[in-house]
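These notes are about the structure you will find just below.
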Amino acid sequence: MNYTAILETLKKYDFSFFGAVIAIFFIGVINLYSATQASDQLSHSNLFKIQLFYFFISLAIALTVSFVQTKNYFRYGYFIYGVNVFLLILVLTLGKIGMGAQRWLVLGPISFQPSEFMKISIVLALGRWFTKSDPHLVLGFRELIIPAIITFIPMVLIVLQPDLGTGVLIGLIFFMIAFYRRLRWKIIVMLGIISLIGGSVMYQYGLKEYQRKRIITFINPDSDAKGSGYNAIQSKIAIGSGEFLGKGYKKSTQASLQYLPENHTDFIFSIFNEEHGFFGSLVLISLYIVLFYRFIWLAQSVTKIYDSILAIGLMSIFFWHTFINMGMVMGLMPIVGVPLPLLSYGGTSLLTFMICCGVATSISNSRNFF
Amino acid sequence: MFGEEDIVKSHKSRADVITNIILVSFAIILARLWYLQIYMGEAYRRYSLENSLRKETVMAPRGMIFSRNNELMVHNVPRFDVIVVPQYLKTPKETIEMLAQRIEIPAAEIFQKLNRAKREQASYIPVVIKKNLSRKEVALIETENSYMPGVSVSTFITREYTDEYIGSHMLGYISKLDKQGKKKVKEYDEFQYIGVAGIEKVFDKHLKGDNGFEFVEVDALGRKRRYLKSDLLLDDIQNRPAVPGLNIRLTIDRDLQLAAYEALEGKVGSVVALDVTNGEILAIISRPSYNPSIFSRQLTSDYWSILSKDENEPLYDRAIQDHYPPGSTFKTITALAALEEGIVDENTEVRCNGFFQLGRKIFHCWKKHGHGAVNIYKAIRESCDVYFYKIGTKIDIDVLAKYGKMLGFGNKTGISLPRETRGLIPTKDWKLKKNAVPWQLGETLLTAIGQSYVLATPLQLTVAYAAIANNGRLVKPVLIKEIFSNAGDIIQKGNIEISKEKIFSDKTIKIVKDGLFQVANNPTGTAWWYRGKGINMSGKTGTSQVVRFSSDKIFNKCEDNEYKLRHHAVFAAYAPSDNPKIAVGVVVEHGCHGSSSAAPVATAIISKYLDKYYPELREKYLKEDSKMLAAHWSRKKAQAAEEAKKHDEE
């Protein structure tokens, strides 16, 4: 490629996804610095550097992904899904124990959570299935059987780890894709009822004690302030005490005094709110909305239905994470351990979101080249 | 075939719905944020401050207690304990092993303590692992505090009583307020110490001070971070410094306390010594005793149960909380009454044959074969029962009671110590009310020699003899010289009360005082052999019956009886006789004889007192004493020589 070709490519290249994601990430890493610096655990003070390191690796991978032709996603969709399900089974049999659950798989120096990648795999697999079925059809019960099975297998494997949050997320991603793919309203109502019943059965028989406690806590956080309700209350205090403009950067008392457990992962949004207040959140949420809107815009501006479904699916990964995480830290939902995209510390989840971004960029680019 | 693009476009309505879902979702999030941060923001800001700011009580140092000569008797000493808060133990095994190494207690033992606590209390309540840490241990734990989450050193202030067992009844002790106790005394903080006996109790309000509080920034593991300056806090969150308790200077003399304590060594009993001129208590001792320091050092309940099981009742202040029949020491009061009422005078003589008959009843004199002709001096000096029986037949019990009460018997002296008992002076009304039986004349006879129903505390006895020493001016016993702040400001002074009126005529007082002088200074006096050298003491011995013996046993040697049945030994005295300064009352339980058992306690205190405050008098009296003794021996020699001469002549 000569110079003009590169320039041409850059002109056509859609930077909007990476732009928004990088903006959010840098807000995130600055916030992470504050959340971990105050900690007196030495191992925490270097976390922002590690996060930056993960970021550059993820960016490199995501940029590479952005040059993948979209037909390859379609071609390898089931394969990637299959490999990922296999990895999930491996996790259950020989995964590393961490935080009371088996989530990690260790391959030499790298350890990662296959359940994170499953979010993308499920989008690829479902997209492929819904493309194959009659495009004009309004989805009824019969058309949902296979995609339900596709969703159900990894979901069960993930819930068994146990990782309720990610399991629920997989289900929600499926729901969002099915909805976009014109799921009948009747089915939507029925699915709602089924998930309610299924949920309560799960609550009785499928949940571990700590998960059940979290749900009770969500309903009444003050019931056991130093026990399972602790996180919920401390998080609300952190957020509320931020008031309109926040306490200021690195002025969080809740984080620096370790009131918030996991303040660098699931509860990062609490610290952000404590330090930057309502105004800071308004800016951050606006950035997220811009990003999501860009995905939806993409879904309607592509020519292939598969690409359209992928865009919605990828958006739903971002959206559900954002919504559930924000909802749980501010006491709107039970605490289920879902990270906030690009803000929470964690290599695998960062890579997942960056790959989403890469895939979205490649779809966008495919409208102009290839 | 339809164009794929059309298929995509056909999903537009669903894309719009999804856009709306997203917008609504974030509207909910923002509404919630608005609620938390704007509507509830101020409340949460407060929460977050209170969260990280722990209100810590700053214990007010309890006031100190000094002797009359400003020697420290009670003060506060810091103590360090290592505690573990089970809830904050993140890695119990590692942390406990680390701790075990530093305080040299096996880890297994620590786990045992923690497990026991786990069963009994919530996990946020600290468990004390080791008490009284050395400075080195404190340093070892504090420096590695961050590696042992859940472990910390807590500082306690313990109350130290310099003389430990000596005078503990008067000083009292303190105890931690439990939750129930807190309900009763509202102005106290929970877990604050409160005085439960002695001076500590009566002057608790002065001694305790006011606890302050301080806001300390802590993390969720309860570890202190840094202290905040008051001005950084919200307006309504302010630190308050502790106000130290006031100090007390007692009238007590430590040397006399020690002398009294030692004089009672091996005995069960009590002694009170007071300054007759102003009522200041110089010494007040009850034995057996306890160590009040232990109450604030150890598990109070353990020590408590040991003490309360002891059959000699060491917790009991015998000087004020117990009363005894005063025995012959009460004869002085009977003599005063009879003289004042004109029933007898210095010339009245009574013949003592060793017993007195009233109707068909025989009243024995302690001297089996009698005293012969007895006047008031001899009656007091040799403690002749028959003389006082005779008075008993002539004096109305209510009149006798009136004089007893005038001298303070039958009423609380008002000493600033808790649970003082009143003793008892019987009257006709009293008996009628109590037993619904009228007073018997025989009972007046017994009352006249200090038996029957009369009961007096050692303190009352001392106060009465002080009044006699004072020529009939009653003094109120006081313990407090002054109460003063740390800055040295005197907040309160001890109230000295001396009655202006003399309660007896000078003539009466003179006769009784002469009698009392002879008790110790005439070779026939009951306390002659126990008068102590060179103290110029006047006094009266007494023996109070614990049980009434049948007439065949009444002259048995007291020491042959079972310990619990032996008489109590009583002695009351003042010195110097010509210008009294100090009065002393002694009761030795089951001591048998007032002279041999109780008098030496009094003389020990008086000797010490004169040595310390009037050495020149002491020297003078010592000389007089040896002169008196020499005269006595030469008289004895002359007598013996005369008898030998008579014998030879025969």
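Bear in mind these aren't lab numbers, they're just calculated from the coordinates by the rules spelled out. Quick caveat, the model's predicted, so the values are computed rather than measured. Every residue, glycine among them, receives a Cβ derived from its backbone with ideal geometry; neighbour counts consider all protein chains shown.
Descriptive notes on the structure:
- Rounded to 10°, Cα long-axis angle of helix B:599-613 versus longest principal axis of chain B: 70 degrees
- Listed residue pairs exceeding 20 Å between alpha carbons, taken from B:Lys131/B:Lys176; B:Lys394/B:Lys434; B:Lys402/B:Lys476: B:Lys394/B:Lys434
- Order of A:Met190, B:Met59 under a 10 Å beta carbon neighbour criterion, fewest first: A:Met190, B:Met59
- For the stretch B:568-650, the gyration tensor built on C-alpha atoms gives an oblate shape. Its axis ratio a/c (a ≥ b ≥ c) is at least 1.5, and a/b is not larger than b/c.
- Estimated FRET transfer efficiency (A:Lys49, B:Lys118; beta-carbon r; R0 56 Å; 0.05): 0.85
- Cα gyration tensor category, rounded, prolate or oblate, for the stretch B:478-533 with a/c compared to 1.5: oblate
- Extension gain, B:Ser505 to B:Ile490, is 1.5 nm, computed as 0.36 nm per intervening residue step minus the present C-alpha separation.
- Aspartates and glutamates with Cα under 19 Å of A:Lys236, excluding same-chain neighbours fewer than 8 positions away: A:Asp222, A:Asp224, A:Glu262, A:Asp266, A:Glu274, A:Glu275, B:Glu42, B:Glu50, B:Asp219
- In terms of surrounding Cβ atoms within a 10 Å radius of their Cβ, B:Asp385, B:Asp560, B:Asp625 rank from fewest to most as B:Asp560, B:Asp625, B:Asp385.
- Three principal axis extents describe the C-alpha atoms of chain B; from largest down they are 169, 55, 50 Å.
- Listed pairs B:Lys201/B:Lys493; B:Lys557/B:Lys637; B:Lys267/B:Lys481 exceeding 28 Å between Cα atoms: B:Lys557/B:Lys637; B:Lys267/B:Lys481
- Cys residues of chain B counted as unpaired, since no other Cys beta-carbon is under 4.7 Å: B:Cys352, B:Cys365, B:Cys384
- Extents of the stretch B:257-400, taken as max minus min of Cα coordinates on every principal axis and listed largest first, are 63, 39, 29 Å.
- With a cut-off of 11 Å between beta carbons, the residues surrounding B:Gln518 carry a summed charge of +3, where Lys and Arg count +1 and Asp and Glu -1.
- Contact order normalised by residue count of the stretch B:457-521, Cα under 8 Å, 6+ apart, percent: 31 percent
- Chain B: angle of helix B:506-521 to the longest principal axis, Cα-based, in degrees nearest 10: 90 degrees
- FRET efficiency for B:Thr19 and A:Lys132, using Cβ-Cβ distance with R0 set to 30 Å, rounded to 0.05: 0.70
- Partners for B:Lys367 among aspartates and glutamates (Cα-Cα distance below 20 Å; same-chain residues under 8 apart left out): B:Glu349, B:Glu382, B:Asp385, B:Asp552, B:Glu559, B:Asp560
- Net charge over other residues, Cβ less than 11 angstrom from the Cβ of B:Ala573 (K, R count +1; D, E count -1): +2
- Extended-chain gain in nm, criterion 0.36 nm per residue less alpha-carbon gap, B:Thr155 and B:Gln639: 166.7 nm
- Cross-link reach is defined here as a Cα-Cα straight distance under 14 Å, omitting same-chain residues fewer than 8 places apart; for B:Lys627 the aspartates and glutamates meeting it are B:Glu619.
- Relative to the longest principal axis of the Cα atoms of chain B, the long axis of helix B:107-120 lies at roughly 90 degrees.
- Pairwise FRET efficiency - B:Lys131 versus B:Asp210, Cβ, R0 = 25 Å, nearest 0.05: 0.40
- Distance in nm between pseudo-label sites at B:Glu97 and A:Lys11 (7 Å out along the Cβ direction from Cα): 6.9 nm
- As a proxy for reagent exposure, A:Asp307, A:Asp163 were ordered by neighbouring Cβ count within 10 angstrom, fewest first; the result is A:Asp163, A:Asp307.
- Computed over neighbours whose Cβ is under 12 Å from that of A:Ser301, the net charge equals +2, Lys and Arg +1, Asp and Glu -1.
- Over all pairs of different C-alpha atoms, the protein assembly as shown has a mean inverse distance whose reciprocal, the Kirkwood radius, equals 36.7 Å.
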